[in-house]
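Some notes on the structure that comes next.
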Amino acid sequence: MLSTLQRVKIRPRLLVISLVIALVVSVGAGYLIARSGDDEPDAVLDNPQTVETFPNNGLGNDVVEGDLLPVTTLFDRDDNEVLTTSLLGQPTVVNFWFSTCPPCAKELPDFAEVHSEVGDDVRFVGVNTIDSVESMERFAGERGVTYEQLRDPFAELTDAIGAVAFPVTLFVTSDGTIIEQTGVLDADQLRDRVDELQAVEAQIQEAS
C-alpha cells in the first residue's frame, strides 16, 4: 500500500505524463489533418484549360483588339515625324521589334517572305523601339526585310498600346481598327492572319 505522501508525489508526475501524451496526440492529429488538406485542392476548375493567366497569349501586354490604332508620332530614318494616322487607308501589319530580341530576329525573315507575297495589297510597317537607324536598317536588311521601318524612340506608340513583351504585331484595317494582336509568328501563321485581315477589309469595303 502506498502512503498518502507517496500518492501526493506520484499524482503530479502522472499529470505531467498525461499532459505530454495529450500534446503528442494533438500535434499528431493536427499533422494528419494538415496532410489530408494538402491532398485536396482549394478549388476545382471544371475546365482549367480555358483559364488564361495573362492576356495576349501569356505575353502580359494590354489587349487592344477592337481599339483604334493610337494617334502618336513616329520617326523615319531621317528623323522626320510620321503620324500614325498616315499609316491608315489600307490594311496594315504593324510589327514592333528590336535587334536584341531573339524572337524578333527569328520572325523577321518570315515577315519579309510574306511581305514579298502580299505587299501590293497589305502594307507592312516595322516599328523599332530601341535601335539606332544604322543598326535597325542593317539588322532588318540582313534578314531580307524591304518594307518601311519607323522608330519609336520615345515609346509613344509602344506605351499607348501597353506593350511590355516583344515582338508584338498589330493587324489594322484601313479605318484604323486593330482586329488582332499577336506575339511571335512564323510565315504560315502570318499568312493566316493576313488572310483574315483581308477578309475583314473586304467586308468593310462592301459595307461602305
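Can you figure out the FRET efficiency of S86 with E113, using R₀ = 22 Å and their beta-carbon distance, to the nearest 0.05? Don't skip to the end; give the middle numbers.
Working: r = 26 Å, r/R0 = 1.18.
The computed FRET efficiency comes out at 0.25.
Charges at C-beta only: +1 for Lys and Arg, -1 for Asp and Glu. How large is the resulting dipole of the stretch 63-178 about its Cα centre, in Debye rounded to 20? All intermediate terms of the calculation are to be shown ahead of the outcome.
On the way: 6 positive and 21 negative charges, 44 e Å.
It works out to roughly 220 debye.
Taking the mean number of other Cβ atoms within 10 Å as a proxy for protection, how do you rank 104-111, 149-156 from highest to lowest?
On the way: 104-111: 19.9, 149-156: 17.2.
Final packing ranking: 104-111, 149-156.
Could you rank the peptides 132-144, 167-179 by their average count of other C-beta atoms within 10 Å per residue, with the highest value first? Display every interim value, and only then the final one.
Numbers: 132-144: 15.2, 167-179: 20.4.
Per-residue Cβ counts within 10 Å, averaged per peptide and sorted highest first, yield 167-179, 132-144.
Relative contact order of the stretch 61-207: what whole-number percent is it, with Cα pairs under 8 angstrom and at least 6 residues apart? Before the final figure, lay out the partial values.
Numbers: 271 pairs, mean separation 52.0, N = 147.
Reported as a whole number, the value is 35 percent.
Can you give me the long-range amide H partners of S99? Hydrogens built in the peptide plane at 1.01 Å from N, cutoff under 5 Å, separation of 5 or more residues or another chain.
D131
What FRET efficiency do you get for V133 and I204 if R0 is 30 Å and r is their Cβ-Cβ distance, rounded to the nearest 0.05?
Details: r = 35 Å, r/R0 = 1.15.
E(calc), rounded to 0.05, equals 0.30.
Pairs of alpha-carbon atoms within less than 8 angstrom and 6+ residues apart define the contacts here; what relative contact order does the stretch 57-132 have, in percent? The partial results should precede the final answer.
Working: 59 pairs, mean separation 22.3, N = 76.
Answer for the stretch 57-132 is 29 percent.
So what J values fall out for the stretch 91-101 if you push phi through Karplus, 6.51 cos²θ - 1.76 cosθ + 1.60 with θ = phi - 60°, rounded to Hz, Gly and Pro as x?
Residue by residue, the stretch 91-101 yields x, 9, 10, 10, 10, 8, 7, 7, 6, 8, 9 Hz.
Restricted to Cα positions, what overall size does the stretch 61-207 have along the principal axes? Three whole-Å values, descending.
Largest to smallest, the principal-axis extents are 43, 29, 27 Å.
Where a number appears in this text, it was derived from the coordinates with a stated rule and is not lab data. Bear in mind that the values here come from a model prediction, so they are computed numbers and not experimental data. All Cβ positions, glycine included, derive from the backbone under ideal geometry; neighbour counts span all protein chains shown.
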